[in-house]
Amino acid sequence: MKSGSFEVCYTPPVSISRRRFLVQTATVSAGACLFPGSLVSQSPAPAEPGPHLKFPSTPHDRICIASYPFREFITGKDARKDSATPPMDLKDFAAHVKQKFKIDKIEPWSGHFPSTDPKYIEQFRATVDRAQCYIVNMAVDGEMSPYSADRKQRDQALQFSKKWIDIAVAINSPSIRTNMPSASDSAPDLKRTADTLRRVTDYAAEKRVLVNLENDNPVSEDPFFIVSVIEKVSNPWLHALPDFCNTLASAKDPERAYAGVDAMFAHAYSICHVKDAETNKAGALVHVDMPRTFGFMRKHGYPGYMSMEWDRPGDPYEGTESLIATTYKLLG
């Protein structure tokens with residue numbers, strides 16, 4: 001089956017027993033899809049270990065929509081309580097996005113999953129399949145730091161990421177973005193972080209799931225720290241997820257922030273977050289130099305998806321439309 005200019009390997013929704021089998025399967029044969037039903041496929045007989053994904057070439061087919069900007073409209077703790085319209089369930093988000101934006105790819109956030117019970121995960125997968133939509137990445141947020149001085153906390157961070165890697169297999173997401181929360185007992189520590197992420201990525205490689213790290217938390221997810229972690233782990237299944245504005249919004253030195261995003265794109269592979277502005281802690285709106293940031297993407301030959309993540313005051317529907325228009329303009 002084909003969608004746009006890229007190959008799509010598709011199978012109908014499978015039973016939960018089959019899904020559990022997929023979670024337990026460590027490898028797939030050369031030339032097979034990354035996952036049954038996945039929107040990207042492995043190149044035949046890769047010459048070296050690691051993902052070999054085929055991405056679409058047109059701007060439209062490379063765009064996906066993140067669920068995070070629509071948190072007021074999706075069931076969860078951030079859903080609006082004063083609306084006459086009940087919030088939608090996450091499993092209906094893909095069809096909603098396709099209707100509103102004519103985009104068939106989404107990036108769900110872990111905070112929007114009302115349950116991780118296998119029954120709900122099966123329902124989620126089935127509704128995305130019925131809408132003929134695809135998941136390009138899952139953004140997942142845990143609470144335990146991978147560099148905590150407490151080994152128990154680091155192990156909990158590992159288990160959290162493993163859980164969401166298994167869910168990624170079950171719903172045919174080719175990747176997850178795991179987070180690196182700050183530790184109350186330690187400053188960021190490269191050795192401990194790399195040790196934890198090495199174990200996470202080893203597990204992900206067995207499941208054929210990419211792991212991405214995003215420049216978000218200004219303390220623990222500084223872009224240059226992320227780059228140092230990726231280089232130390234040195235696993236082709238671990239990559240950067242450059243966010244256009246997170247670092248800029250918290251930076252004292254904008255030039256260092258842009259340099260950090262540039263460095264992130266040198267290690268990016270499958271997903272980035274497109275933003276044009278964000279409100280900082282002082283309440284000021286910090287704007288992104290969009291041509292410059294898209295320039296980093298072109299400079300490094302970034303081939304992957306661009307997730308629209310409107311994260312400023314205003315209507316996220318109008319905001320997302322404007323991000324899509326800007327993306328078309330700067331990549332056209």
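Read-outs: derived from the displayed coordinates by stated rules, not from any lab. Nothing here was measured: the structure is a model prediction, and the numbers come from that model. Glycine also receives a Cβ, built like all others from the backbone with ideal geometry; neighbour counts cover every protein chain displayed.
Here are a few things to note about the model shown:
- Only aspartates and glutamates eight or more places from residue 81 in sequence, or on another chain, were considered; those with a Cα closer than 15 Å are 72, 89.
- Cross-link partners of residue 329 among aspartates and glutamates (Cα-Cα below 18 Å; sequence separation of 8 or more within a chain): 61, 276, 289, 309, 318, 321
- Förster radius 41 Å - calculated FRET efficiency between residue 224 and residue 318, Cβ distance, rounded to 0.05: 0.75
- Neighbour-limited loop hits for trypsin sites (Lys or Arg not before Pro), the stretch 195-292 (at most 16 other Cβ within 10 Å; DSSP other than H, G, I, E, B): 252, 281
- A simple charge model with +1 on the Cβ of Lys and Arg, -1 on the Cβ of Asp and Glu and nothing else charged puts the dipole of the chain at about 800 debye relative to its Cα centre.
- Beyond 20 Å in Cα-Cα separation lie the following of the pairs 54/98; 191/299; 152/281; 119/163; 105/299: 54/98; 191/299; 152/281; 105/299.
- Positive minus negative residues near residue 291 (Lys, Arg vs Asp, Glu; Cβ under 13 Å): +2
- Karplus-derived HN-Hα couplings along the stretch 189-196 (A = 6.51, B = -1.76, C = 1.60, θ = phi - 60°), whole Hz, x at Gly and Pro: 10, 5, 4, 5, 4, 5, 4, 5
- All-pairs Cα distance distribution in the stretch 86-155, expressed in whole percent, bin size 10 Å: 18, 42, 22, 14, 4
- If you take all other residues with their beta carbon under 10 Å from the beta carbon of residue 316, and give Lys and Arg +1 and Asp and Glu -1, the sum is -4.
- Space enclosed by the convex hull of the alpha-carbon atoms of the stretch 56-331, per residue, Å³: 131 Å³
- Lys, Arg +1 and Asp, Glu -1 on Cβ, resulting dipole of the stretch 179-332 about Cα centre, debye, nearest 20: 440 debye
- Inter-centroid distance (Cα atoms) of the stretch 128-146 relative to the stretch 107-126, Å: 9 Å
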